[in-house]
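Every number here is computed from the coordinates shown, using simple stated rules; none is lab data. Bear in mind that the values here come from a model prediction, so they are computed numbers and not experimental data. Glycine gets a Cβ as well: all are built from the backbone with ideal geometry, and neighbour counts include every protein chain shown.
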């Protein structure tokens, strides 16, 4: 091997050694980076402890009002909030009044909306602070009275739940045509929270027909809206005792000139919270009484 060949071999070896020295650190760095990335990938993730959020009662989100009881009735409660706003609630049939509920107590009322924007339906009443006992000689706090609209609505609701009610009615009968006047009573509820006894007396007179009727009726409130809403629909039926006189001869008060007929009244109507009502009535089996009666009335 001559000198020239040895020199070429030495140059190749030196070049290879130089390339190895240059590439070795890069390869080591890449291997280290790859190892670290692999370790990071395989390292299990540490779960952060979950913080439980406090549960919120859905009833407190919507329809919750806190305040002081200003008036308390059989079916109503008026609550005054801290900003001197008054809220009228009617009691749901299933709500249980807490013991100690009285005027002056601080309460929380959960309620739902009704068809009347001025009245909400109470579903739960919770006493936060009992009614304070007034100290002798203590000054009476100066608080504005509830608005007139709230007081009037409260009276109407309370009047509608009295056990005994009286009212008057007028109307017209068709086939035969007569004019009707009468009085009625409302007793109840009986047997059911929506069923009422409603006896009434009607006197009708027309060109050819006079009638005196004693109606022993019962009415059932249809549960299509809240019990103390602005209006309620009802249906009913009951036996009727009818004394009828037909003819052109002179009439007098002697019931000996009247013929007796019994029948069955079937009716339907709408009653408003203020006391007025409208009703349609028909009679079965009694042929001399009007086939159809249209009645308007008012209950005190």
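Just to be sure I understand, how many residues within region 93-115 are in contact (Cβ under 8 Å) with a residue 40 or more places away in the chain and touching a strand residue (DSSP E or B) at 6+ places or on another chain (Cβ under 9 Å)? Write out each step before concluding.
Kept after step one, since they are in contact (Cβ under 8 Å) with a residue 40 or more places away in the chain, are these residues of region 93-115: 93, 106-115.
Cutting the leftovers down to touching a strand residue (DSSP E or B) at 6+ places or on another chain (Cβ under 9 Å) gives us 106-115.
The qualifying residues number 10.
Right, residue 293: surrounded by 14 or more Cβ atoms within 10 Å (Cβ to Cβ), touching a helix residue (DSSP H, G or I) at 6+ places or on another chain (Cβ under 9 Å) and touching a residue at least 12 places away in the same chain (Cβ under 8 Å) or not? Outline the logic, then answer.
On the way: surrounded by 14 or more Cβ atoms within 10 Å (Cβ to Cβ): yes; touching a helix residue (DSSP H, G or I) at 6+ places or on another chain (Cβ under 9 Å): no; touching a residue at least 12 places away in the same chain (Cβ under 8 Å): yes.
No: the conditions fail for residue 293.
Consider residue 220 against the criteria (1) closer than 17 Å to residue 280 by Cβ; (2) surrounded by 18 or more Cβ atoms within 10 Å (Cβ to Cβ): it satisfies all of them except one. Which criterion is unmet?
So residue 220 meets the others, but not (2).
How many residues does region 86-109 contain that are in a strand (DSSP E or B) and under 26 Å from residue 274 (Cα atoms)? I'd like the intermediate steps shown before the answer.
Step one: of region 86-109, the residues in a strand (DSSP E or B) are 86-91, 106-109.
Then drop every residue that is not under 26 Å from residue 274 (Cα atoms), which leaves 86-91, 109.
Number of matching residues: 7.
Please tell me if residue 118 is touching a helix residue (DSSP H, G or I) at 6+ places or on another chain (Cβ under 9 Å) and in a loop (DSSP other than H, G, I, E, B).
Answer is yes for this residue.
All but one of (1) exposed (fewer than 11 other Cβ atoms within 10 Å of the Cβ); (2) within 17 Å of the chain's Cα centre (by Cα) hold for residue 143, so report the exception by its number.
Looking at each condition in turn, residue 143 falls short on (2).
Counting residues that are within 17 Å of residue 208 (Cα to Cα), which strands (runs of 3 or more DSSP E) fully inside region 253-300 reach at least 2?
Details: elements: 259-272, 276-284, 292-299.
It comes to 259-272, 292-299.
Report the residue count in region 210-247 for those that are part of a strand (DSSP E or B) and closer than 18 Å to residue 260 by Cα. If you could, list the steps in order and put the result at the bottom.
Of region 210-247, the ones part of a strand (DSSP E or B) are 210-221, 231-246.
Filter once more, so that each one left must be closer than 18 Å to residue 260 by Cα: 210-216, 238-246.
Residues that pass the stated criteria total 16.
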